[in-house]
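Please read the structure below before turning to the comments.
The values are calculated or read from the model by the stated rules, or taken from the named source; none is laboratory data. On a predicted model such as this, the values are computed, not experimentally measured, just so you know. Because the Cβ atoms are built from the backbone with ideal geometry, glycine has one as well, and the counts that use them run over all protein chains shown. Ligands, DNA and RNA are stripped out before the accessible areas are found, and what is left, the full protein with its side chains, is counted by its heavy atoms. Shrake-Rupley method; radii C 1.70, N 1.55, O 1.52, S 1.80 Å.
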Amino acid sequence: MLNRRLNFMYLVHFLLFIFLSGCTTETSKKPNFIFLFVDDLSHNSVGYYGNDIVKTPNINELANNGAVFTNAHNMGGWHGAICVASRSMIISGQSLWDSQNAVTAWKSNDSVALSHTWGQLLQKGGYNTYMTGKWHVEVPAETIFQTIGQVRPGMPADNIGKAPIARIIEAYESDQETNSLFPIGYARPIYENDQRWLPTDSLQGGFWEGGTHWSEVVKNEALTFIDDAVKRDEPFFMYLSFNAPHDPRQAPAEFVDLYPIDEIPIPDNFLPEYPYKDEIGNPVWLRDESLAPFPRTPYAVKTHIREYYAIISHLDAQIGSILQALESTDAIDNTYIIFTSDHGLSVGSHGLMGKQSLYDHSIKVPFIISGPGIPEGRIIEDDIYFQDVMPTTLELADIRKPKNIFFNSLVDLIDGEMEHSPYGDGIYGAYMDHQRMIKKGKHKLIYYPRISKTLLFNLEKDSLEMNDIAHLPENKEIVNSLFHELKELQIVMNDTLNLD
């Protein structure tokens, strides 16, 4: 009888040990990551960030459930396609000019450089890695990620860049029909109530696939992957890259109808034309600036903003479907969701249309993270780079950050264990050899090397950067100090442009 009892007790303890071991394995499983990456979305074009017109209920809900960074930046670009540099930085974890060198190494099939990319680091850490959507990095996506969905290039085919610059300028000056130079919808509207372009017509070209909007294609791809990934033992990392709200901004009619053009306000910092557009690398023939005629008119800008908001709302609906699908699975409790954009967009602010500037509308982006342990509704005003998401996921996945990674984990900042931004020396910005910037505290200094022009803004008093105060005698010391610190940051960033 005693032996039976002992055997029974041993059996109970053994089963309890197996049960607890199973629980430990389940609860200690590495977290999943869903990276929702959009294109051309400025920080001020999301409802949660204070825009009372644009409708983004799902992004707002994601923000309510997580931590929101109000000062997330992109560092800039080395040519007009800012997203190439932005995406190269996030994949490499390296700063602007070093990431340009990383791309060169990737293209030469440098195995060490490739092994330090975001996707491969997580893969080596046991992750099932997946990418679908817009890529726009100068190596195939399959060299970075295990599984690839449908991938689109940076832009659809168009004629911009093929037309001689002189003909483009002549078309603007003569107000002639420009469809022979540009795809339908470019340089619109030429005149008040110009209706040649229909932003709901998929036949006009752009990001559609077999009659399905490309944002919906990415959403469908994501749902398929989630359905499979949650059944697997290994954690997953999803890199979901939407083209929206990049032009051509074609949204279904019901989303365009949400925004009657008469109800669209023009930006407070609207200008008909930027006074230094040529000197800063934004001439009339630059692709993004060619999207609207010169000089800018309120009607043209309102037309672009209407289409911008419409496709943002359509994008928001696709994100809602992805979040709903995840919430229907057990994986939701162990998944971090990060939402951000590669850079912002001017859409008429300062007389510009694109993102090739260092104003906040072009370099600041929304940045939201939710998931296990993330405080709900936490707002963090510290300056960061959005590319900090790469080392943040590494820390959350308990993967050591390689020494060559420039950007920093935000975990301690989110938890409140770090009181201030890791970028106390200032936020650096650059666009080719045309523009340089430093943002530190409440001040931002922008410098245009080709004309030795310095701009200074007090962002606390002038968040729209409308009042240049660099010329005021009382700001001479601030200008000199920031300029010196900008040159110090150049050394850190391996920026060889001589500002003297």
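Among the residues of region 191-201, those that are open to solvent by 50 Å² or more (accessible area, probe 1.4 Å) and either without any contact (Cβ under 8 Å) to a residue 40 or more places away in the chain or not in a loop (DSSP other than H, G, I, E, B) (or both) comprise Y191, Q195, R196, L198.
On the given criteria, is V218 surrounded by 14 or more Cβ atoms within 10 Å (Cβ to Cβ), aliphatic (A, V, I, L, M), within 19 Å of D40 (Cβ to Cβ) and touching a strand residue (DSSP E or B) at 6+ places or on another chain (Cβ under 9 Å)?
So V218 passes the test.
Only one of the listed residues (D227, D233, D247) is surrounded by 18 or more Cβ atoms within 10 Å (Cβ to Cβ) and either in a loop (DSSP other than H, G, I, E, B) or charged (D, E, K, R) (or both). That residue is D247. Residue-level check: of (1) of a type in the set (A, V, I, L, M, F, W, C); (2) modelled with pLDDT of 95 or more; (3) open to solvent by 10 Å² or more (accessible area, probe 1.4 Å); (4) in a helix (DSSP H, G or I), I53 misses just (4). When the test is whether a residue is polar (S, T, N, Q) and surrounded by fewer than 20 Cβ atoms within 10 Å (Cβ to Cβ), N74 does not pass it. For region 457-484, the set of residues classified as farther than 25 Å from D500 by Cα and small (G, A, S) consists of S463 only. Here region 107-118 is the region considered, the condition is being under 23 Å from the mean Cα position of the chain (by Cα) and not hydrophobic (A, V, I, L, M, F, W, C), and the residue that is least open to solvent (accessible area, probe 1.4 Å) is T117. In the condition set (1) at pLDDT 95 or above; (2) more than 23 Å from the chain's Cα centre (by Cα), L121 is compliant with all but (2).
Considering only helices (runs of 4 or more DSSP H) fully contained in region 322-431, which possess at least 2 residues that are surrounded by fewer than 22 Cβ atoms within 10 Å (Cβ to Cβ)?
Where helices (runs of 4 or more DSSP H) fall fully within region 322-431 and carry at least 2 residues being surrounded by fewer than 22 Cβ atoms within 10 Å (Cβ to Cβ), they are 389-396, 411-415.
Here S481 meets the list (1) within 23 Å of the chain's Cα centre (by Cα); (2) open to solvent by 50 Å² or more (accessible area, probe 1.4 Å) almost entirely, failing just condition (1). For region 432-455, the candidate set comprises residues that are more than 22 Å from the chain's Cα centre (by Cα), surrounded by fewer than 22 Cβ atoms within 10 Å (Cβ to Cβ) and hydrophobic (A, V, I, L, M, F, W, C); within that set, the residue that is farthest from D500 (Cα to Cα) is L455. Please determine, by comparing only the residues of region 114-123 that are touching a residue at least 12 places away in the same chain (Cβ under 8 Å) and in a helix (DSSP H, G or I), which one is farthest from A397 (Cα to Cα). That would be L114. When residues in region 274-321 are screened for being outside any helix (DSSP H, G or I) and among the hydrophobic types (A, V, I, L, M, F, W, C), 6 of them pass. Within the set S409, S362, the sole residue that is at pLDDT 95 or above and within 22 Å of I82 (Cα to Cα) turns out to be S362.
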